[in-house]
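Below is one structure; the comments refer to it alone.
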Amino acid sequence: MLFFISFVRWVPMASLPSKFILLAGSQWAKMAQRIILEALDTVTIENLMAAILLQDYAVRMGNFANAFMLSGLTTRMTQALQINLEFNTDILCQDTESGPSATAKDSRRRLMWSCYVVDALVGSGVDQLTLMDEKDVKIQLPCNERNFVQQIPSFTETLDPGNWLKFRPADLDTDTILPNMGVMAYFIRHISIRKRVLKYIKHLDDAMVPWAADSEFTELDTDCRRWYESLPPSLQFTPDAIYIRRDSSQLGALCVLHCAHYQTICDLYRLGAPALYKLRAAFDFPPEQQEFLRHLQQVLFDAARTLATIVGETVQHGSRMLADSWLPTITYDSCRIMVYHLTQVLDSHAEKTKGVMAATVPLLHSNITALKSMGSLNAISLSLCSAAETMLDRSGIESEAVTHSIIPDDPYQLNAEEAQSESLPGTPVQSAPDYVLNPLSIFRMARKSIPERRAPEKAGTSSAPNSVQPESGTDVDQSSGGWNDTRELGTNPYDNDSGRSSLEELQTLFMSDLGWAWQPAETAVGSGIDEAGLFPWAGGI
């Protein structure tokens, strides 16, 4: 240990390779996980805290199967500990002789809500993968950082705006409740909206047309914007708020708070880009709704540019501000949307388009720079960075030779032999979450590392409209419903090399011409945000 400290003292941090930084602490993580698994019957708050940290670490290291399994373990531990309920009714800690302190109680709430966030992000709107229901979490939201650090007992609202616990003191002034909420409380509320958005996107076949005044789209759009408008000045992404949050080591939290909002807007407004996301049961916009379609496309493009602006502003204050394991896929998805809009939506010959491209290209380069800076924080960042660079180069945006054929057709069509082995007529087609999640989701990445895999849904993929056979030389494993996984499983769950082949394989996928077509056209794909990870709740990075 002394040698390591001496070594770091003489080696500038900037010169350390990304892999070296990523692997720091891997043995501690391996030991912590072994202790937890060897004592599964010892369910404690401390073990749950360790499991949450390990889950985030597994995502960061690219060990998605490990992260997926740990997310289920944390949910079971919350149920065993019953931290989904308040410790007692003495929220203001008036009984000082018994019970935990105000900070200890809020720590339990933060732990429970962290588990809720992890479950929501892993589930990504798929009921089969979601283990936690909001109605079972009967605690108030965490208090703000000032009250938490200074151990000030506080009443806050519950998940539903304007509601609070029923056993609040009768003489409590409800006007004092809302200011007690901080960045974590507002983030949790947004996650509950995001769950509904992703579930809606995956069930468009049962949804009303989005331009209807009482449609699900209109309701969700209103909820997203109402949430954003509810942010107090201290949580808005303004120069003053940035300065304050940077000084209190919460700029990373502020960045993720706003990135989550705009990414959810992208997920909701992807209705205007069915070719980009291969939406299931994509809406057919009649001539009289073409203006509405253009509105969807413009909002989607504006949200992607705003994401790039937020990430670019944040990285100027240090790459450690982008430490959240969710940000690499958010940043990459921003690139995809911007390139798609410039090459597929806009008229490349129009004079106005040239101005839009000139203003957007710097944002694309800013995203690429941010992905590079996140290389020492997330194992997947450099792969996504290379994919973004190749995507920008092939689009021809910078050379004014815009490629309009960058989006290929569906590469998942069954070959003739597999088509003969489809389910017999009248046999119900089995479905699996693989087909409604993007390749960067934890579940999809976890599946890639499992030796025994099969594709339970075959009949559904053969009828994809506009589908073509994979290009010659493309390595597609139709039996697994995705790309061949040839990597050998590592023995150390925290050895970065154990997931390296899988990440390189992803890079090949996104850098190829097939990188736009993530899923069969009749399935709804999640956006690139399904990576779960710890939100920097209590300051720091």
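The values are calculated or read from the model by the stated rules, or taken from the named source; none is laboratory data. Remember, predicted model here, so these are calculated numbers, not experimental data. Backbone-built Cβ (ideal geometry, glycine too); neighbour counts: all protein chains shown.
The table below lists the values:
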{"item": "Any hit, segment 123-138, residues being hydrophobic (A, V, I, L, M, F, W, C), without any contact (Cβ under 8 Å) to a residue 24 or more places away in the chain and surrounded by fewer than 22 Cβ atoms within 10 Å (Cβ to Cβ)", "result": "no"}
{"item": "Residue within segment 78-89 that is under 21 Å from M184 (Cα atoms), more than 22 Å from the chain's Cα centre (by Cα), part of a loop (DSSP other than H, G, I, E, B) and hydrophobic (A, V, I, L, M, F, W, C) present", "result": "yes"}
{"item": "Members of segment 208-227 that are free of Cβ contacts under 8 Å to residues at least 40 places away in the same chain and assigned to a loop (DSSP other than H, G, I, E, B)", "result": "M208, A212, A213, D214, S215"}
{"item": "Some residue of segment 198-219 being closer than 26 Å to C115 by Cβ and modelled with pLDDT of 95 or more", "result": "no"}
{"item": "Selected residue (only one of R246, R280, R168 is at pLDDT below 95, surrounded by 15 or more Cβ atoms within 10 Å (Cβ to Cβ) and assigned to a helix (DSSP H, G or I))", "result": "R246"}
{"item": "Single match in L307, L296 (criterion: on the phi < 0 side of the Ramachandran plot, in contact with a helix residue (DSSP H, G or I) (Cβ under 8 Å, 6 or more places away or on another chain), at pLDDT 95 or above and surrounded by fewer than 24 Cβ atoms within 10 Å (Cβ to Cβ))", "result": "L296"}
{"item": "Set S98, S107: member being of a type in the set (G, A, S) and in a helix (DSSP H, G or I)", "result": "S107"}
{"item": "Subset of segment 165-184 (residues that are in contact (Cβ under 8 Å) with a residue 12 or more places away in the chain, over 19 Å from D133 (Cβ atoms) and not basic (K, R))", "result": "F167, P169, L172, T176, I177, L178, P179, N180, M181, G182, V183, M184"}
{"item": "I191 vs. criteria aliphatic (A, V, I, L, M), over 24 Å from A102 (Cα atoms) and under 19 Å from the mean Cα position of the chain (by Cα)", "result": "yes"}
{"item": "Any hit, segment 268-287, residues being in contact with a helix residue (DSSP H, G or I) (Cβ under 6 Å, 6 or more places away or on another chain), hydrophobic (A, V, I, L, M, F, W, C) and under 25 Å from G182 (Cβ atoms)", "result": "no"}
{"item": "Positions within segment 378-400 being hydrophobic (A, V, I, L, M, F, W, C), assigned to a loop (DSSP other than H, G, I, E, B) and farther than 24 Å from K19 by Cβ, in sequence order", "result": "I397"}
{"item": "Counted residues, segment 333-349 - those being hydroxyl-bearing (S, T, Y) and either at pLDDT 95 or above or surrounded by fewer than 19 Cβ atoms within 10 Å (Cβ to Cβ) (or both)", "result": "2"}
{"item": "Flag if V299 is in a helix (DSSP H, G or I), within 21 Å of the chain's Cα centre (by Cα) and closer than 30 Å to G162 by Cα", "result": "yes"}
{"item": "Selection count where residues are assigned to a helix (DSSP H, G or I), free of Cβ contacts under 8 Å to residues at least 60 places away in the same chain and surrounded by 12 or more Cβ atoms within 10 Å (Cβ to Cβ), scope segment 228-242", "result": "4"}
